[in-house]
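To keep things clear, I will list the structure first and then write my remarks on it.
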Amino acid sequence: MTRLRAVVASTLLAGLVLTGCGKAVAPASAPLTPGSTTASPHECASGRVFALSLVRDTGGAPTPERAAEVFAANPSQTGVTPAPHGWTVTARDAHGAKLVAGRVELHAVRGRDGTWQVDSGEVCN
């Protein structure tokens, strides 16, 4: 998990955090379909969208929810704060999952080892 945090921190610090409005876009290789939970629209009038370039696709968390928790564990590096009531998966398939907590939406990808890492998201104001 420390390596994942280091990758996230260095990526964010390297200037890959984008500001603006809109929806985070999942990678083309990871289309999302509605999962077993009810998908709710998550509109953002203003905020910031970010995307990370992950160094590797292994060594993540065992679930998308845990990947979101790990990602949000250090808000000073990620800009995403921990979710007091947990993360809700609103869409999921074999390659990715969309998670929501409050005004934050994250996208997690599943690596070739079956573990999950956050690769993009949106923080609404």
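A few remarks follow.
- Residue, nearest to the chain's Cα centre (by Cα), within segment 46-65, restricted to residues that are of a type in the set (Ser, Thr, Tyr) and modelled with pLDDT under 90: Ser53
- Filter result for Ala68 (among the hydrophobic types (A, V, I, L, M, F, W, C), at pLDDT 95 or above and in contact with a Phe, Trp or Tyr (Cβ under 8 Å, 6 or more places away or on another chain)): yes
- Inter-residue pairs, beta-carbon under 6 Å, first on the phi > 0 side of the Ramachandran plot and in segment 46-63, second aliphatic (A, V, I, L, M) and surrounded by 15 or more Cβ atoms within 10 Å (Cβ to Cβ), 6+ apart: Gly47/Val123
- Candidates are the residues of segment 67-84 that are over 15 Å from Val123 (Cα atoms) and touching a strand residue (DSSP E or B) at 6+ places or on another chain (Cβ under 7 Å); the one that is surrounded by the most Cβ atoms within 10 Å (Cβ to Cβ) is Ala67.
- Restricting attention to segment 108-125 and to residues that are within 15 Å of Ala68 (Cα to Cα) and among the small types (Gly, Ala, Ser), the residue that is surrounded by the most Cβ atoms within 10 Å (Cβ to Cβ) turns out to be Ala108.
- Qualifying residue in segment 73-95 (condition: modelled with pLDDT of 90 or more and under 10 Å from Val118 (Cα atoms)): no
The values are calculated or read from the model by the stated rules, or taken from the named source; none is laboratory data. Keep in mind that this is a model prediction, so the values were computed, not measured. Quick reminder, even Gly has a Cβ in these numbers, built from the backbone with ideal geometry, and neighbours come from all protein chains shown.
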